[in-house]
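Notes to accompany the following structure.
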Amino acid sequence: MACARIPHRLGPVDRDGHRLIRYSTTSIRKPVTVLNILLLPFALTASTSALPLLERKTISLVLANRLADAAIMSCRAINKEAVVAVVDRGGNLIALQRGDDIGPHNTTAAQRKAFTALSTKTTTAALAQRAATDPTSRNLLTVPELLLLGGGVPLVVDGVVVGGIGVAGSGGAANDEHCATEAIAQVLSVTKSRR
């Protein structure tokens, strides 16, 4: 509904002898026609089609839970328990599973490993090795959100990093990374074959 200010009438004269005009606000209603209603979706489509929006893949809750389940099972296959965290492409925690009798610090460690793998697009074991041997990479240790311990692996689909998985508490970085990579091989290869 549109509004218009329309001169209502002439008012009294001010001190300088000028006549004051009084306004009233009047609404102008346009009739809604069937044609307007039918054309609305086309108008909305036309206005949004020119926007530079991006479409990106990310990890779903179902996929995150499958990865976490597979990682827990992989750790149990080597007689270990662990905590598994899966984050989406934005670093948001999607799934977290904790095995029995795992220290509480491992929950945070698993999530930070997953975030680190996602953010740096590389395994946390490779980052730890790089930080130990390359003085310029040593600064990564000062970034509080990153954890440079093995067990974090980026989740890559069609060459694009879509999330990260982190495993902690299975008795060392090698075991953690083994459980993560086994889960990825098991779940993501099945997901690819279904397409």
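The values are calculated or read from the model by the stated rules, or taken from the named source; none is laboratory data. Please read these numbers as outputs of a predicted model, since none were measured by experiment. A quick note on method: Cβ atoms are made from the backbone with ideal geometry, for glycine too, and the neighbour counts reach across all protein chains shown. Heavy atoms of the whole protein, side chains included, go into the accessibility calculation; ligands, DNA and RNA do not. Shrake-Rupley method; radii C 1.70, N 1.55, O 1.52, S 1.80 Å.
So the values come out like this:
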| item | result |
| --- | --- |
| Accessible area expressed per residue, the stretch 47-195, with surrounding protein chains retained (probe 1.4 Å, Å²) | 53 Å² |
| Sparse-neighbour loop sites [GluC sites (Glu not before Pro); the stretch 74-180; at most 11 other C-beta within 10 Å; DSSP] | E145 |
| Heavy-atom accessible area ranking, 1.4 Å probe, most first, across H105, H178 | H105, H178 |
